[in-house]
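> My structure is below; once you've seen it, I'll send some questions.
The values are calculated or read from the model by the stated rules, or taken from the named source; none is laboratory data. This one's a predicted model, so the numbers in the text were calculated from it and none came from an experiment. Glycine also receives a Cβ, built like all others from the backbone with ideal geometry; neighbour counts cover every protein chain displayed. The accessibility values were calculated without ligands, DNA or RNA, using every heavy atom of the protein model including side chains. Shrake-Rupley method; radii C 1.70, N 1.55, O 1.52, S 1.80 Å.
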Amino acid sequence: MKRDENYWLRAENTLLQAHVDGLQYELRQRELRLAEKDRYIAQLEERIQELKQQAVPDSPAPACPAFVKANAPQRKPKKRGRPVGHPAALRPMPKKIDRHQTVPLARDAGKKPICPHCRTRLAQLRKHRRIVEDLIQATVETTCYHTQSGHCPRCRRRIESRETQQPPAANVPHGQLGLNALATAVILRVRHRLPFRQVARVLKDLPGLQVSAATVVKQVKRVARWLEGKYQDLTQRMRASPFVHADETGWRIDGRNFWLWAFTDPTFTLYHVDESRGGKVPLKLLGKAFGGVVVSDFYSAYNQLEAPKQRCLVHLLREVKETGQANESFQKTSFAKKLRRWCKDALTLKDQRRKKRLNKAEYERKTARLETRLATLAQTTDPDPDVARLAKRLLRHEQELTRFLHEPKLEGTNNRAERALRPVVVLRKITGGNRSEAGAQAWAKLASLMTTADQQKLGVYDATKKLISEYWATAGR
């Protein structure tokens, strides 16, 4: 019996010893893994220290991807507001007061003015004028015109009576859009560049007029057809202008590449959408007999015009800068430095003359010096291919670079045309272009008439209503 007990004790002892050995083995494995991790951490810390030592404190930021614009360089912020002593920029006073309303003070039992807080009688009474400008809430007004018609045996058509504010009659199962609604929808689309669905939502949210996006599309094209004659009149006015700024930008119609041309001066702007970017487009619009000056960049399409030209000096400055960024050797040449200085001096001289800081004799003397400097630059010989290319351009356009110095109202830049294209570029980013050529042509016509009305300070809304009303009164049947 004692022998069996010893046997079981020895077996239990052996089992416990084996369990202890297993735990000791597992402990050693964990210690090895921890030691390996410690070595790895130490290596990472050494690498971090090496990178910190190698790092440059003012190292440039990594280059941005191609689709991300780089951060603009930090400049010293300008002081906000106008300079000291400059007159304040305030809204103009209303031309008329539509309604006068008297606002009395609180009064006591004896009808004397009192303070509304402590009920004390007021002294030193004064009168004030507080002018408030506000909008009248828009509402939809529906008018039913009861007309009469009769058949004319001579004209062989039915003649129907029509009121001046009534659109051309149409047999539709719903109401037509009136003058104010048409003008508002067209302005929201063309002038403010809203998508058609947004135009429909604005009309629904503000005045409560229920229209669809397709209705707005149809009405915009319809109004453009009505005002085709006014657009042609604008073309004739352009051909009689003493100078015209011209530029073009890309346009998309139903996924195809087109071009949108802009022609402008201080009194008008004309847009035209065309499939071509060739010289036949400005030649067709301006005409062969155009006698004014065409202000443009160096695009070869304008070379086909026989009219005198003025090339944009800012485009020339921009090309000198971009060429210098791409070709470092060109940037270091004296030709690049002299050409930059010449462009700036020419523009400064014209600005001084415009501000009447120079008399006529001094201005003419400095103009002659600039022309001599330009002729010298055009004769530059240099092995650099960019210098040779730009010198050849100066020689070819020598007279077209200085014409603005001899004509008082002519500008040396094409900034007017570029400003006329900025709303177009914004619309292109919003809508991506047009779905049809008819829609593109409609937009170009209406945008031309509205921009011209704005330049002439006629009021875009009133001018649009007037143009539509004139068509209705003369040919709207």
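> Could you please let me know if K366 is open to solvent by 100 Å² or more (accessible area, probe 1.4 Å) and either outside any helix (DSSP H, G or I) or over 30 Å from L286 (Cβ atoms) (or both)? Give the derivation first.
Numbers: open to solvent by 100 Å² or more (accessible area, probe 1.4 Å): no; either outside any helix (DSSP H, G or I) or over 30 Å from L286 (Cβ atoms) (or both): yes.
It is false that K366 is open to solvent by 100 Å² or more (accessible area, probe 1.4 Å) and either outside any helix (DSSP H, G or I) or over 30 Å from L286 (Cβ atoms) (or both).
> If the requirement is being of a type outside the set (A, V, I, L, M, F, W, C), within 28 Å of A326 (Cβ to Cβ), open to solvent by 40 Å² or more (accessible area, probe 1.4 Å) and free of Cβ contacts under 8 Å to residues at least 24 places away in the same chain, which of these qualifies: Q379, Q352? Even if it seems obvious, please write down each step before you answer.
Numbers: Q352 fails: within 28 Å of A326 (Cβ to Cβ).
Going through Q379, Q352 in turn, the sole match is Q379.
> Is one or more of the residues making up region 244-251 open to solvent by 10 Å² or more (accessible area, probe 1.4 Å), among the hydrophobic types (A, V, I, L, M, F, W, C) and modelled with pLDDT of 95 or more?
First, the residues of region 244-251 that are open to solvent by 10 Å² or more (accessible area, probe 1.4 Å): 247-250.
Now drop any that are not among the hydrophobic types (A, V, I, L, M, F, W, C), which leaves none.
Looking through region 244-251, none of the residues is open to solvent by 10 Å² or more (accessible area, probe 1.4 Å), among the hydrophobic types (A, V, I, L, M, F, W, C) and modelled with pLDDT of 95 or more.
Yes/no per residue for (1) under 13 Å from L313 (Cα atoms); (2) under 34 Å from the mean Cα position of the chain (by Cα):
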| site | (1), (2) |
| --- | --- |
| D386 | no, yes |
| L395 | no, no |
| L401 | yes, yes |
| P423 | no, yes |
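> All but one of (1) touching a residue at least 60 places away in the same chain (Cβ under 8 Å); (2) of a type in the set (F, W, Y); (3) surrounded by fewer than 21 Cβ atoms within 10 Å (Cβ to Cβ) hold for F290, so report the exception by its number.
Unmet for F290, out of (1) touching a residue at least 60 places away in the same chain (Cβ under 8 Å); (2) of a type in the set (F, W, Y); (3) surrounded by fewer than 21 Cβ atoms within 10 Å (Cβ to Cβ): (1).
> Hey, can you tell me all the residues within region 63-111 that are in a loop (DSSP other than H, G, I, E, B) and surrounded by 10 or more Cβ atoms within 10 Å (Cβ to Cβ)?
At the first step, the residues of region 63-111 found to be in a loop (DSSP other than H, G, I, E, B) are 63-106, 108-111.
Passing the criteria: C64, R82, P94, L105, A106, D108.
> Same structure, new question: Of all residues in region 139-166, count the ones that are more than 22 Å from L177 (Cα to Cα), assigned to a strand (DSSP E or B) and open to solvent by less than 90 Å² (accessible area, probe 1.4 Å). Please lay out each step first, then the result.
Pass one, region 139-166, residues more than 22 Å from L177 (Cα to Cα): 150-158.
Going one step further and asking which of them are assigned to a strand (DSSP E or B), we end up with 150-152, 157-158.
Going one step further and asking which of them are open to solvent by less than 90 Å² (accessible area, probe 1.4 Å), we end up with 150, 152.
Here the count works out to 2.
> Can you find a residue that is modelled with pLDDT under 95, more than 17 Å from A438 (Cβ to Cβ) and open to solvent by 50 Å² or more (accessible area, probe 1.4 Å) anywhere in region 214-228?
no
> If we scan region 315-329, do we find a residue that is in contact with a Cys (Cβ under 8 Å, 6 or more places away or on another chain) and open to solvent by 20 Å² or more (accessible area, probe 1.4 Å)?
yes
Okay, residues lined up against (1) under 27 Å from A378 (Cβ atoms); (2) of a type outside the set (A, V, I, L, M, F, W, C):
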{"residue": "L395", "(1), (2)": "yes, no"}
{"residue": "E400", "(1), (2)": "yes, yes"}
{"residue": "K409", "(1), (2)": "yes, yes"}
{"residue": "T413", "(1), (2)": "yes, yes"}
{"residue": "L427", "(1), (2)": "no, no"}
{"residue": "I430", "(1), (2)": "no, no"}
{"residue": "K445", "(1), (2)": "no, yes"}
{"residue": "Q455", "(1), (2)": "no, yes"}
{"residue": "D462", "(1), (2)": "no, yes"}
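> Before we move on, is T264 open to solvent by 10 Å² or more (accessible area, probe 1.4 Å), assigned to a strand (DSSP E or B), within 24 Å of R428 (Cα to Cα) and among the hydroxyl-bearing types (S, T, Y)?
Values: open to solvent by 10 Å² or more (accessible area, probe 1.4 Å): no; assigned to a strand (DSSP E or B): yes; within 24 Å of R428 (Cα to Cα): yes; among the hydroxyl-bearing types (S, T, Y): yes.
No, not satisfied.
> For the structure I just gave you, tell me whether K111 is more than 30 Å from L182 (Cα to Cα), at pLDDT below 90 and of a type in the set (D, E, K, R).
On the way: more than 30 Å from L182 (Cα to Cα): yes; at pLDDT below 90: no; of a type in the set (D, E, K, R): yes.
When the stated conditions are applied, K111 does not pass them.
> Could you grab the pairs with beta carbons closer than 6 Å, sequence gap of 6+ or different chains, first residue in region 313-340 and more than 21 Å from E418 (Cβ to Cβ), second one assigned to a helix (DSSP H, G or I) and open to solvent by 40 Å² or more (accessible area, probe 1.4 Å)?
Once the first residue is more than 21 Å from E418 (Cβ to Cβ) and sits in region 313-340, its partners that are assigned to a helix (DSSP H, G or I) and open to solvent by 40 Å² or more (accessible area, probe 1.4 Å) give G324/Q331.
> Related question: Just to be sure I understand the filter: pairs with C-beta atoms under 9 Å, separated by 6 or more residues or on different chains, first member in region 267-280 and under 17 Å from A240 (Cβ atoms), second member of a type in the set (D, E, K, R). Which pairs pass?
T267/R237; F268/R237; T269/R416; T269/D454; L270/R237
> Tell me, please, whether a residue that is at negative phi and in a helix (DSSP H, G or I) can be found in region 285-295. Explain how you work it out, then say what you get.
Restricting attention to region 285-295, the residues satisfying the condition of being at negative phi are 285-286, 288-295.
Then drop every residue that is not in a helix (DSSP H, G or I), which leaves 285-286.
Scanning region 285-295 turns up at least one residue that is at negative phi and in a helix (DSSP H, G or I).
> Next question, about the same structure. Residue by residue through region 234-255, note down the ones that are of a type in the set (A, V, I, L, M, F, W, C), touching a residue at least 60 places away in the same chain (Cβ under 8 Å) and not in a strand (DSSP E or B).
In the first step, residues of region 234-255 are kept if they are of a type in the set (A, V, I, L, M, F, W, C); the result is 234, 238, 240, 243-244, 246, 251, 253.
Cutting the leftovers down to touching a residue at least 60 places away in the same chain (Cβ under 8 Å) gives us 234, 243, 246, 251, 253.
Hit for region 234-255 is L234, nothing else.
> Count, please, the residues in region 180-197 that happen to be farther than 15 Å from V211 by Cβ and not basic (K, R).
First pass over region 180-197, keeping only residues farther than 15 Å from V211 by Cβ: 190-193.
Still in the running and not basic (K, R): 190, 192.
The total comes to 2.
> For G178, indicate whether it is more than 22 Å from K465 (Cβ to Cβ), open to solvent by less than 50 Å² (accessible area, probe 1.4 Å) and of a type outside the set (D, E).
Details: more than 22 Å from K465 (Cβ to Cβ): no; open to solvent by less than 50 Å² (accessible area, probe 1.4 Å): yes; of a type outside the set (D, E): yes.
No, not satisfied.
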